[in-house]
Every structure is written in structure tokens, then in C-alpha cells.
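The values are calculated or read from the model by the stated rules, or taken from the named source; none is laboratory data. As the structure is a computational prediction, the values presented were derived from the model and not from experiment. Note that we place each Cβ from the backbone using ideal geometry, even for glycine, and neighbour counts take in every protein chain shown. Surface areas here come from the heavy atoms of the whole protein model, side chains and all, with no ligands, DNA or RNA. Shrake-Rupley method; radii C 1.70, N 1.55, O 1.52, S 1.80 Å.
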Amino acid sequence: MEVATAVMAATEKKIRAEEMMLKRWHQLSALDQLAPQVTFDLVLFYPINGGDQSPPAHRETVLKTSLSRLLTSFYPLAGRLRKEGPPPHGTASVECTDEGIPFTVARADIELESVLQDDRYIKHYDQLIPRDSSQLDYGEPLLHLQLTHFSCASSALGICFSHQVGDGSSWAVLLKAWSASAHLGVVGPQLTPRFTAASIFPPVNPPPRGIVRPSHPRLHPRRFLIGARALERLRSERTVRARRPTRFEAAAGAVWRCARRAREGMTNLCLLANLRPRLSPPVGPDVVGNMWVVTMAATTEEGIGEALSGIDGEYARRVIAGEVRVEEHEEGGSSLVFSGVAGYGFYEADFGWGRPRRLGLVNHNTGEQVVFVGTASGEGVEVWVWLEEEVMVRFERDPEIVGLVSHVDHHHSCL
């Protein structure tokens with residue numbers, strides 16, 4: 001009896017040790033393993049509102065306090081990425097060390113309105129985020145924050161997220177929960193994240209070959225706004241065999257045509273597709289992790305729609321297994337990457353002083369790309385484009401782009 005009791009105690013001790021080990025480590029999924037080891041960089045611009053008379057330091061206190069509460073639910077973000085994790089996989093994992101998140105406070109000797117009214121400042125948005133490179137090494141924090149106060153008492157919140165542990169949908173969940181924590185002092189159960197991506201796409205060892213993004217040291221950023229009326233007109237004009245393209249298909253097709261003419265030839269059109277609604281059964285946005293895959297598309301609205309319709313869980317598993325390759329994975333591939341975060345609600349991030357007036361994206365020369373973002377009003381679409389400078393000059397003068405947006409020149413892009 002004593003021997004049996006000792007064996008049971010030893011077994012329970014082993015189980016508790018294993019449970020502690022599981023809590024200490026967050027296992028990356030196979031799609032996390034495929035993701036580039038870079039950051040997703042976002043800037044949210046908050047003007048000073050008439051009803052918000054609190055000093056700038058108050059915003060800093062609210063953000064820090066609410067984020068501290070939030071990290072009990074988003075605990076992996078306070079950890080560090082390690083090259084090797086525990087058995088059975090032993091591949092890159094997040095060690096939940098509770099080391100925290102760096103938070104920088106900066107000041108800019110300029111009014112926010114001056115920055116927002118002149119798109120020449122877009123190339124300086126990298127000064128509003130706390131990192132000067134998107135490359136993220138092992139052992140570094142997975143989330144970096146910077147609050148910049150302008151001379152008019154308005155603010156900009158710069159956020160750098162590790163792409164290794166999440167995608168745009170993941171960070172939208174974080175922002176929604178963070179703003180709820182700032183408003184209510186709690187994180188509601190409907191905003192509690194689920195770090196279960198590895199149970200859907202288990203990690204593999206050796207890891208699948210990840211995406212390589214070629215460096216482009218001369219990328220030039222531009223922001224364009226396609227209004228709701230122009231977008232609807234474009235959809236009607238591009239209807240084929242009674243099938244009306246979606247907003248994304250229509251906008252992506254137009255941008256592609258202009259980019260192809262500007263580049264005077266192009267190899268690939270790569271699409272990043274969100275898997276969550278395409279799985280069987282679908283999963284919600286509360287599943288945190290990389291839940292996207294890359295696919296190639298023909299350069300028409302029909303081709304884009306057909307490529308997206310072929311995305312599902314089985315396609316993702318073929319990508320993980322190396323059975324599907326796209327040239328975007330190859331270093332030096334001449335591709336233009338299209339992605340969309342229009343439905344993620346970044347403009348809903350209200351921490352108590354109103355919603356952001358504008359958002360900004362930063363691309364640290366990690367490849368030519370196009371990102372479609374929802375607008376503050378919910379109408380139309382913002383299009384963020386990064387091309388080499390001489391290509392961008394031709395792109396923004398293309399008659400099709402000029403006809404789609406309200407105004408384009410070298411100083412003000414669709415404001």
C-alpha cells in the first residue's frame with residue numbers, strides 16, 4: 001500500500017510538473033513556423049478631443065494600467081521567442097517568462113494636423129514606432145509600444161507586433177480587448193483570446209520552409225483612398241458573366257493593373273488569405289496565431305476570386321507539407337503581395353479619448369506590397385502601396401488610379 005501511494009504521489013508530481021511546463025511554454029503552430037520573423041508595425045493617431053481635457057501623461061497611465069490587466073489573458077506576449085522549445089517538438093516556441101513589454105514615451109515638436117494633412121510625412125512614420133527594423137531576433141520582446149505626444153497634446157500610439165506569433169486578426173483582437181480594459185477595467189469573456197492555433201496546425205520538426213521576403217532598400221510608401229462610389233462603379237464595370245466582384249477583388253484588380261504597367265512587367269501576384277472562415281468548421285477571430293496562407297492568382301478579378309475560393313484547411317496542410325510552393329517564398333522573386341485587413345476594426349481602438357482619426361502602416365523595406373485597410377468612416381477602402389520610387393511615380397500617375405481616387409499628387413495622396 002505504501003509503495004502504491006508513493007507511486008501515485010510521484011505520478012501526480014510528474015503531472016503537475018508537466019502542466020507547469022505547458023504553461024511556461026506557448027507552442028507555435030506550423031503556420032507560425034512558416035511566418036517571417038518580422039514585426040507588423042501599426043500607428044494609431046489620436047487627436048485631442050474637445051471633451052478630453054486630460055493631460056498627455058494621463059493617456060500614458062491609462063495605457064500602461066489597462067495593458068497590465070490585459071496580459072493575464074494575453075500572457076505569451078510578455079514572454080520571449082526561443083529558438084528551441086521543450087519536447088516533443090523542440091522547435092521555436094514562446095517561453096512565458098513574464099518579462100514584460102517595453103513602453104517608450106516620445107515627443108514630437110509638430111502638430112498632429114500638419115502630419116495628417118501632408119502625406120510626405122508617411123515616410124517618417126517609422127519615427128513613431130519603437131523599432132528601426134522589422135527583423136526580430138530570438139530573445140527579444142514580442143510586442144513593443146511607443147506613445148508619442150505632439151505639440152498640440154494629440155498622440156500617436158506606435159505598435160510593433162511579432163509576426164511569428166500572430167497575424168492582423170490576432171492583433172485586432174488584442175486592440176479590442178485592450179481598449180475594453182481601458183474603458184471597463186476588465187477584459188470581457190467575449191474578448192478572451194484562445195491560443196489554440198497549434199492544436200489546429202501542429203508544429204512540425206524540422207520546421208517547414210518559411211517565407212523569405214527580399215529586401216528593397218528604396219521602397220516608397222503611398223496611401224490612397226478609393227471612395228465608396230468609385231468602388232461600386234468599379235465593381236459594376238468589372239462584372240463578368242453576371243458575377244459582380246467583391247470590393248477586395250475589384251480594388252485589387254485595379255491596383256494590380258496599374259502596378260503592372262508601372263513596373264513594365266511583373267512575375268507574380270501573391271494573395272494572403274485569412275483561413276479562419278475557410279476552415280471546416282470555421283474558427284473565430286479569437287484564435288490567436290498565424291491563420292493565413294499565400295496563394296498565387298491570375299491578374300483579373302475572376303482570377304483573384306478563383307484563387308481565394310480554393311483556400312481551405314486542406315490547402316494549408318499541403319502548403320505546410322511543401323506540396324504547394326509559391327514564388328513569393330523564393331528569395332528574389334519579383335512578386336507583389338496583396339493582403340487585406342479591412343474588416344479587422346483597427347479604427348475601433350478607443351482607450352477613452354475617442355477613436356483614432358487615422359492609422360498608418362510601416363514597411364521596413366521587406367518587399368513590395370499592397371495592404372487594403374478599412375476607413376475610419378467605414379466607407380470605401382484605404383490602399384497602402386510600397387513600390388520602388390521610380391515605379392511609384394509611374395503608378396500614381398496612371399490614369400486608372402487617378403480616376404479612382406479623389407486626388408493624387410506628390411504631396412497629398414487622397415486626403
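Summary table below
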| quantity | calculated |
| --- | --- |
| Two-decimal ratio, the stretch 248-315, of alpha-carbon radius of gyration to 2.2 N^0.38 Å | 1.26 |
| At R0 = 30 Å, FRET efficiency that the Cβ-Cβ distance of Glu140 and Thr192 yields, to 0.05 | 0.70 |
| Net length gained if the chain between Ala321 and Glu388 were fully extended (0.36 nm per residue, minus Cα distance) | 20.8 nm |
| The chain, accessible area per residue, ligands and nucleic acids excluded (1.4 Å, Å²) | 44 |
| Mean Cα-pair separation over length for the chain, i.e. relative contact order, pairs under 8 Å, 6 or more apart, % | 23 |
| Residue-span extension gain [Val105 to Arg120] - 0.36 nm each, minus C-alpha spacing | 3.0 nm |
| Using alpha-carbon coordinates, inclination of helix 247-263 to the longest axis of the chain, degrees | 70 |
| Gaussian network model of the chain, Cα within-10 Å springs - most flexible of Arg131, Arg241, Arg229 | Arg241 |
| Projected label distance in nm at Val240 and Val204, using a 7 Å step from Cα toward the beta-carbon | 3.2 |
| √(5λ) per eigenvalue of the Cα gyration tensor, the stretch 31-148, largest first, Å | 33, 19, 10 |
| For the chain: lysine pairs under 23 Å (alpha-carbon distance), excluding those fewer than 8 apart on one chain | 4 |
| Sparse-neighbour loop sites [GluC sites (Glu not before Pro); the stretch 218-322; at most 10 other C-beta within 10 Å; DSSP] | Glu264 |
| Gain on full stretching of the segment that runs from Glu400 to Tyr75 - 0.36 nm per residue minus C-alpha separation | 112.3 nm |
| Carbon and sulfur %, accessible surface of the stretch 248-331 computed with the full protein complex present, 1.4 Å | 48 |
